[in-house]
Amino acid sequence: MVEQIAGVNEAAGLVYFTGTLDGPLESNLYSAKLFLDGNEPLQAPLRVLLCSLSDGKLGYAPVRATIHRSQIQTASLEPPEIVQIQANDGTTLFGALYKPDETRFGPPPYKTLISVYGGPSVQLVCDSWMNTVDMRAQYLRSRGILVWKLDNRGTARRGLKFESCLKYNAGRIDAEDQLTGAEWLIKKGLAKVGHIGLYGWSYGGYLSAMTLARFPDIFRCAVSGAPRHIVGWLRHILHREVHGLAFREPCRLRAHCKVGECPCLGRKALRTLDFPGRTPHASQVSGPHLHGREDLDFIERNL
């Protein structure tokens, strides 16, 4: 087996690695011809790359079901359309659009669901087969529902400046970018105001709820999966930032307070800050709220 990459000589086209090719009792240094394995785009199914270390030959094998049974059929999946839109500050944002089949469901607008993550270290929208085989999105599309994904400012693989936009802005610019995406769908005639929902998990659950709470005139509902540990994470980060700002930038600390002066540090300060995990927008949401039995106990303990 290969243990680790030791180095790459691009000029010679070689990669050096340590491994146990001569037996599991020893680790030696080896070299092999360097090759590049490209991305698996939206239209390309998953495949396995086979490489012979002895002669350097390469081969690609598609991953397919090989058991010949009548109930196993190849799924016919339409890749999403990748589009570009502009954030309110001019930043280019990328979205993925899963449109229902017009021959079955007629022309747009359609009922719409937005698949949300929006937090750091994750990118949803990319030219990858994993988006084509997002079976939840494909199922919803097959039921006549338009599915939309948008990587708002703060998500991964766009550089530090793009990802660090969430600092002091969680629940703000990310929600505003999701609103921008929904407004783009409405402007294009693909969706209707009041017929758009959101769903997400973890940070996506938090952001789904926050976006609905902030913009209830646009969004109809939200499914917020596992948001509560994100709220705790945000509280921890903010508590640390409060203490740091108190010593480094007291004026900036006061700028983040709802009142002119921060009365003290600690729990009271957290209640005073315009904290994105708090619920000043919740009163704007009308309609039923469905939640787990333990959620109210959690709120009493932590807010």
Revision key, fill the gap. Counting every C-alpha pair in segment 135-204, the percent lying more than 15 Å apart is 61
Study note, to complete from the structure: Here segment 115-120 yields Karplus 3J(HN,Hα) values (6.51, -1.76, 1.60; θ = phi - 60°; whole Hz; Gly and Pro given as x) of 7, 10, 10, x, x, x
**Study point:** Long-range amide H partners of Y110 with built H, under 5 Å
**Key:** A191, K192
Revision key, fill the gap. HN-Hα couplings for segment 100-107 via Karplus (6.51, -1.76, 1.60; θ = phi - 60°), in whole Hz with x for Gly/Pro, come out as x, 6, 5, 5, 9, 10, x, x
Check your understanding: Out of the DSSP beta bridges found with both residues in segment 64-190, what percent are antiparallel (nearest 5)?
Key -> 75
Check your understanding: What is the packing order of peptides 198-205, 22-29, 166-173, taking the mean over residues of other C-beta atoms within 10 Å and listing the highest first?
Key -> 198-205, 166-173, 22-29
Review point. Given the pairs K149/K188; K111/K149; K111/K187; K111/K161; K99/K161; K149/K187, which span a C-alpha to C-alpha distance of over 26 angstrom in this model?
Key: K111/K161; K99/K161
Point to revise | Extension gain from I82 to K33, taking 0.36 nm per residue of separation minus the Cα-Cα distance | key: 14.1 nm
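Throughout, read-outs are computed from the coordinates displayed, never taken from laboratory work. Since this is a predicted model, take the numbers as computed values, not measurements. Here the Cβ is made from the backbone with ideal geometry for all residues, glycine too, and neighbour counts use every protein chain on show.
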